[in-house]
Amino acid sequence: MKYIYIIFFLFLTISTKAQYNFVPNGSFEMVDSCYINCNGIGTSNPCWGPNGGLPSPRYAPPWYDPLYATCSSSADYFRPDIGNCFGSSVQELNTPNNVFGIQHPHSGIAYMGLSNYSDTNFLFSEPWYEYIDAPLLKPLEAGKKYCGRLFASPADYRSAICSNVGMSLSTAKYDLNDTIGNTFTQIRAIPQINNYPPNNLFFDISLWYQVMGSFIADGTEKHITIGNFTTYPNTAFFTNNNDTIVHPQNGPVAYLFIDDVELIAFTALDSKDTSICPQHNFPQQLNAHVGFDSYLWSTGDTTSSISINAPGQYWVTATNWCGTVTDTIQVNVFNPFGLDQMLGADKTLCDYQFPQRLRPLPQYENTFTNYLWSTGSDTSFTDVLLPGIYMLTAEHLCGFVTDTITLTLAPNPQVNLGNDTTLCIGQQITLNAGNHNSYTWNNQSITPSITVNQTGNYSVTVSNALNCIANDNIQVNFVQEIAQLLPNDTSLFVSTFPFIINLSNQYTNYQSNSQFTIYNSQFTINAEGAYSLTAIDKNGCIVSDSINIKLKTFELIIPSIITKNQNLIINNLPANSSLKVFDALGQIIYQSSNYQNNFMPLMAHAMYLLELEYVVDNQSEKYKGKLLVVE
């Protein structure tokens, strides 16, 4: 494995800046191209508002009046050069002198204005309200604390002063569906930050009043809307002629100038941890966000920035208009010379482990910012299909490092259980998987071999020392024919010895339990007794059969020819024997269940069929034969 270091000698600055304001154009100084390029008054001017209205919040992008289309009134935009764009007739919206009074911006040269209470609409019995809205620069993070504030100043030339104003943070901008009341101009929302009189009353028309607060975000906030969210019955105001809080009466109008809208995450430091390249010697400077009223560092310093001489953990507690917050930062010395093994050791892999994903070791997960692999990939990983040598060049805080890794293909183990086989019932077979590191049979065995005596499919997975695996399977069948080597009788009565049984040529290697030999596929029996016979079937299995041979103790003497008018006499006939006599047409002409030698044929020159059933030695026997009748 080779590695190369390329180190950048850069000066490290641990950030010092004001906190990030999530509100775009919060001081309303930036104007759009429509305002800059405007060329006079009239509805033909594309910069002119709907219905020939006065300059609206849209000229300070991305601000706008969310309910402008629902009413004939809208919020207003003030700056000193309004007359240069829209003519002298609208110089009443200049700063600092305008139709609503005299007020210098809280900062810069511009501000917004809106009616936060107006009861001059003769068409309805309720006041209407005006709002300004803008999308946040980026969504807020769930569970994080945010602080918001704005500056409001009551207008001089209005009959009332209303202190109700707040900020509502929402997922989307509000529209007509979010309003309440007959005028459809008051937005129905609960603001996260709100000014509730009499806690913060706007008495002095010459002052800018600060409206501020904090909240925990739920992560859905994407828009900010400013205006009066207090319902009509609960809105209170001062008249310009006295300083007593009264309930709304017919006719009063309240108007506020709005400037310097701010929404910040309540943190004293941007990052929690930072690293310093080894070539950047101490001391180093740590900087908290500027704009806090007071600071206290873990070092005892009370300034916004401190100088440190060693790595370690440092904290700062800062206080401003939103409250007090403590943040901690860990300062480490980055050691690029510990990256020489970022890809780890070379690997020997089995074929099933490809494709293989290569990436820096887990401990370097957050170390690098840019990557270039020899495969062409520029991500933190690359997937390779084949063994080989692979290289990664990665950029870190202090420069670049290059490392290589070699992937080698390991041999797979070899396992062979043999061909499928058929054995006889009663036999067994040992299946051997060979010599390996581990064994897993499908019958849960983990030994190198197993002995089986039942039909089934047997498989094994083996692994070698490198954990490469191989598998094989075999079908083993156990069979056994039900063979009939001897006559299909348990006991056989014979009239005389020797008695010969012809053997089937489907079997070979006949063997008997008697001293009598088998010759030319014949089994000769010379005496009574129990005889067994074995043979080999077509599958090579041993089959067997047995029989009990007995000599008959009597012999029926049945004549085959008699004369007409002569009884059929059967000698040695056991009692309770039955006889049936059939003619040539198969019709029964005689039948008896206990034959007494009394059948006498009346016709000569006739052939009859006899069927006799009798019992000898508790064994049922049957005789069938022909009887010829002559003159």
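Probing with 1.4 Å while keeping every protein chain in the model, the per residue accessible area of region 314-391 equals 54 Å². Taking the 1.4 Å solvent-accessible surface of region 428-474 as the whole, the part contributed by carbon and sulfur is 42%. Charged neighbours of SER294, selected by a Cβ distance under 15 Å, balance to -3 (K, R count +1; D, E count -1). Within a straight-line Cα-Cα reach of under 28 Å, LYS222 can be paired with the following lysines, leaving aside sequence neighbours fewer than 8 residues apart in one chain: LYS17, LYS138, LYS144, LYS145, LYS173, LYS272.
What accessible area per residue comes out for region 427-545, rounded to a whole number of Å², with a 1.4 Å probe? List each step's numbers first, then the result.
Working: 7040 Å² over 119 residues.
Per-residue accessible area for region 427-545 comes out at 59 Å².
Given a 1.4 angstrom probe, I'd like the percentage of the accessible area of region 305-364 that is carbon and sulfur, rounded to a whole number. The nonpolar share, carbon plus sulfur, comes to 49 percent. Around the amide H of PHE400, modelled in the peptide plane, lie the amide H atoms of ILE6, ILE7, PHE8, all under 5 Å away and 5 or more residues distant in sequence or on another chain. If you find the alpha carbon centre of region 298-330 and of region 250-283, how far apart are they in angstrom? About 16 Å separates the Cα centre of region 298-330 from the one of region 250-283.
Counting charges near GLN192 (Lys, Arg +1; Asp, Glu -1) among other residues having Cβ under 14 Å from its Cβ returns a value of +1.
Only lysine pairs 8 or more places apart, or on different chains, with alpha-carbon atoms under 19 angstrom apart are counted in region 539-631, and they number 8. With all protein chains in place and ligands, DNA and RNA left out, the 1.4 Å accessible area ranks MET342, MET30 as MET30, MET342, largest first. Rolling a 1.4 angstrom probe over the protein heavy atoms with all chains in place gives region 135-199 an accessible area of 44 Å² per residue.
With a/c under 1.5 counting as rounded, go ahead and sort region 570-631 into rounded, prolate or oblate using the C-alpha gyration tensor (a ≥ b ≥ c being the square roots of the eigenvalues; past the cut-off, prolate if a/b is larger than b/c, else oblate). Display every interim value, and only then the final one.
Working: a/c = 2.26, a/b = 1.93, b/c = 1.17.
Verdict is prolate for region 570-631.
Taking the protein heavy atoms of region 529-591 in the context of the full set of protein chains, the accessible area attributed to carbon and sulfur is 49 percent at 1.4 Å.
What chymotrypsin sites (Phe, Trp or Tyr not before Pro) does region 340-414 have in DSSP loop regions with at most 15 other beta carbons within 10 Å? Before the final figure, lay out the partial values.
On the way: sites: TYR352, TYR364, PHE368, TYR371, TRP373, PHE381, TYR390, PHE400; in loops: PHE381.
Of the chymotrypsin sites (Phe, Trp or Tyr not before Pro), the ones in loops of region 340-414 whose Cβ has at most 15 other Cβ atoms within 10 Å are PHE381.
Contact order for region 286-370, expressed relative to its length and based on alpha carbon pairs under 8 Å spaced 6+ residues apart, stands at 20 percent. Remark: spin-label model distance THR220-GLU621 equals 10.5 nm, labels positioned 7 Å along the Cα→Cβ axis. When LYS538, LYS624, LYS144 are compared by accessible area of protein heavy atoms, the largest-first order is LYS538, LYS624, LYS144, using a 1.4 Å probe.
What order do GLU621, GLU365 take when sorted by accessible area (1.4 Å probe), most exposed first?
On the way: GLU621 55, GLU365 135 Å².
Heavy-atom accessible area, descending, gives GLU365, GLU621.
For LYS347, the lysines whose Cα falls under 28 Å of its own Cα, not counting residues fewer than eight places away in the same chain, are LYS2.
The values are calculated or read from the model by the stated rules, or taken from the named source; none is laboratory data. Note that the structure is a prediction, hence the values are computed from the model and not measured. Cβ atoms come from the backbone with ideal geometry, glycine included; neighbour counts cover every protein chain shown. Remember, those area values only see protein heavy atoms, side chains included, never the ligands or the DNA or RNA. Shrake-Rupley method; radii C 1.70, N 1.55, O 1.52, S 1.80 Å.
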